[in-house]
Ligand code: ATP
Ligand code: MG
């Protein structure tokens with residue numbers, strides 16, 4: 001094992017797949033890091049600015065977990081041109097947070113959609129992750145994580161849908177979906 005590899009403590013963890021639990025697991029990881037006194041930055045690339053239970057809850061932890069919601073209307077169904085620029089600004093912010101040395105964990109929530117829509121290239125994302133400071137853990141979430149990301153990840157978890165209440169017509173509920 002190369003010397004650099006041995007010194008690298010920060011893990012890249014990817015939560016992907018079609019089942020429920022990718023984002024909520026990332027917030028569970030954030031709580032765990034925060035409980036050990038580490039600071040966490042979460043960058044959420046999609047969804048609007050409306051409040052979610054997870055963002056409200058971690059705000060009560062003070063500055064232990066900072067949530068940056070950089071999506072401006074970008075959803076998993078469409079990525080109109082006018083929001084691609086906002087997504088790219090969000091990615092630049094994510095890189096600054098990863099490289100700042102201020103955070104033990106950086107969560108890149110729904111990053112895979114930026115790759116799948118071609119807003120970011122796999123090369124630039126792989127390079128930024130590889131070049132981040134050696135101590136920083138990163139969790140990436142989102143469906144259809146590309147092979148390049150899976151290939152470099154230390155941990156990959158696929159959430160597989162066996163059943164989801166949505167199929168019974170149960171609409172998004174406070175405390176369950178947001
Ligand atoms: P969660 O935020 O609950 O951890 P997730 O991050 O795995 O879910 P996403 O793929 O980001 O899920 O989907 C966003 C929203 O769709 C969430 O509100 C989630 O509850 C809901 N959802 C997740 N999986 C499914 C599914 N298989 N069918 C329908 N809705 C789903
Ligand atoms: Mg999610």
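Considering each residue of segment 128-178, count those that are within 18 Å of residue 45 (Cβ to Cβ) and without any contact (Cβ under 8 Å) to a residue 60 or more places away in the chain, and give that number. Of the residues in segment 128-178, 4 are within 18 Å of residue 45 (Cβ to Cβ) and without any contact (Cβ under 8 Å) to a residue 60 or more places away in the chain. For segment 53-61, the criterion of being modelled with pLDDT of 95 or more, under 23 Å from residue 130 (Cβ atoms), buried (at least 18 other Cβ atoms within 10 Å of the Cβ) and within 15 Å of the chain's Cα centre (by Cα) is met by no residue. Among the residues of segment 137-153, none is identified as exposed (fewer than 10 other Cβ atoms within 10 Å of the Cβ) and either within 16 Å of ligand 2 (Cβ to nearest atom) or closer than 20 Å to residue 27 by Cα (or both).
Restricting 156, 106, 126, 83 to residues that are surrounded by 12 or more Cβ atoms within 10 Å (Cβ to Cβ) and within 16 Å of ligand 1 (Cβ to nearest atom) narrows the list to 156.
For the subset of segment 39-50 comprising residues that are in a loop (DSSP other than H, G, I, E, B) and surrounded by 15 or more Cβ atoms within 10 Å (Cβ to Cβ), which member is modelled with the lowest pLDDT?
Step by step, filter segment 39-50, then rank; the result is 47.
For segment 28-38, does any single residue satisfy the condition of being on the phi < 0 side of the Ramachandran plot, within 11 Å of ligand 2 (Cβ to nearest atom), surrounded by 16 or more Cβ atoms within 10 Å (Cβ to Cβ) and at pLDDT 95 or above?
The answer is no; no qualifying residue exists.
The values are calculated or read from the model by the stated rules, or taken from the named source; none is laboratory data. Predicted model only: the values in this text are computed from it and were never measured. As a convention, Cβ positions derive from the backbone with ideal geometry for all residues, glycine included, and neighbour counts pool all protein chains shown.
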